[in-house]
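**Q** Below is one structure. I have some questions about it.
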Amino acid sequence: MLLFASAGVFHHAGIKIPYFAFFAHDSGIRASDPPNNMLLAMTIAAVLCIAIGVYPAALYSLLPYDTGYNPYDATHVLAQTQLLFFSALAFVWLNLKGLYPPELRSTNLDFDWIYRRLAPVALQKTFAVIWLTDEALRQAFLARFDLCLAFISRRHEGVSGLLSRTYPVGSMVMWVSVILAAYLFLSFITH
């Protein structure tokens with residue numbers, strides 16, 4: 001499995017990209033030189049790649065556990081060389097025979113399409129349904145609330161309504177005393 005993965009990586013990164021970048025048709029796109037900070041970053045990355053490739057023990061010594069891996073033993077070097085050589089041979093042979101699939105102008109849809117395109121549309125439709133449901137529930141609640149207020153105003157307002165009657169001060173003091181006593185009793189029971 002690892003053999004096929006290595007062949008795929010070499011095929012794309014080592015053969016296709018340089019071949020189509022330097023020998024394919026000219027697309028007419030012209031690029032300017034990158035800024036100095038990008039040139040510095042690319043130089044540092046290239047130096048690190050070469051240094052780790054030439055002397056990997058420096059990187060392996062930084063790891064917390066022994067890897068037990070030697071990248072330059074004879075079997076590993078021979079296997080990787082064969083893999084790379086036959087991948088390049090297959091690409092050249094398919095390209096010369098005209099059997100290599102043609103280059104297609106297309107857009108590569110990666111996973112980021114889900115959160116850049118699909119998620120906003122799905123969320124927009126979901127929230128549209130939520131806002132419509134919210135509006136309908138609010139209207140229904142307000143309609144019931146208006147009916148309740150109308151019932152209360154018919155029943156308890158006016159000259160003979162429950163809320164417009166006059167009560168003696170003594171009965172109000174009695175109800176305040178009853179509520180205070182109930183509060184004191186409940187606070188005494190809970191502590």
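**Q** I need a count of the residues in the stretch 44-59 that are within 17 Å of VAL77 (Cβ to Cβ) and either part of a helix (DSSP H, G or I) or among the polar types (S, T, N, Q) (or both). If you could, list the steps in order and put the result at the bottom.
**A** To start, the set of residues in the stretch 44-59 that are within 17 Å of VAL77 (Cβ to Cβ) comprises 52-57.
The next check asks that each one be either part of a helix (DSSP H, G or I) or among the polar types (S, T, N, Q) (or both); those that pass are 52-54, 57.
Of the residues in that region, 4 qualify.
**Q** Only one of (1) under 30 Å from SER27 (Cβ atoms); (2) surrounded by 10 or more Cβ atoms within 10 Å (Cβ to Cβ); (3) modelled with pLDDT under 80 is not met by HIS156, so which one is it?
**A** (1)
**Q** Determine which member of the set TYR65, TYR69, TYR100 is surrounded by 11 or more Cβ atoms within 10 Å (Cβ to Cβ) and not in a helix (DSSP H, G or I).
**A** On the way: TYR65 fails: surrounded by 11 or more Cβ atoms within 10 Å (Cβ to Cβ); TYR69 fails: surrounded by 11 or more Cβ atoms within 10 Å (Cβ to Cβ).
Result: TYR100 is the single residue among TYR65, TYR69, TYR100 that is surrounded by 11 or more Cβ atoms within 10 Å (Cβ to Cβ) and not in a helix (DSSP H, G or I).
The values are calculated or read from the model by the stated rules, or taken from the named source; none is laboratory data. Just so you know, these numbers come straight off a predicted model, no measurement behind them. All Cβ positions, glycine included, derive from the backbone under ideal geometry; neighbour counts span all protein chains shown.
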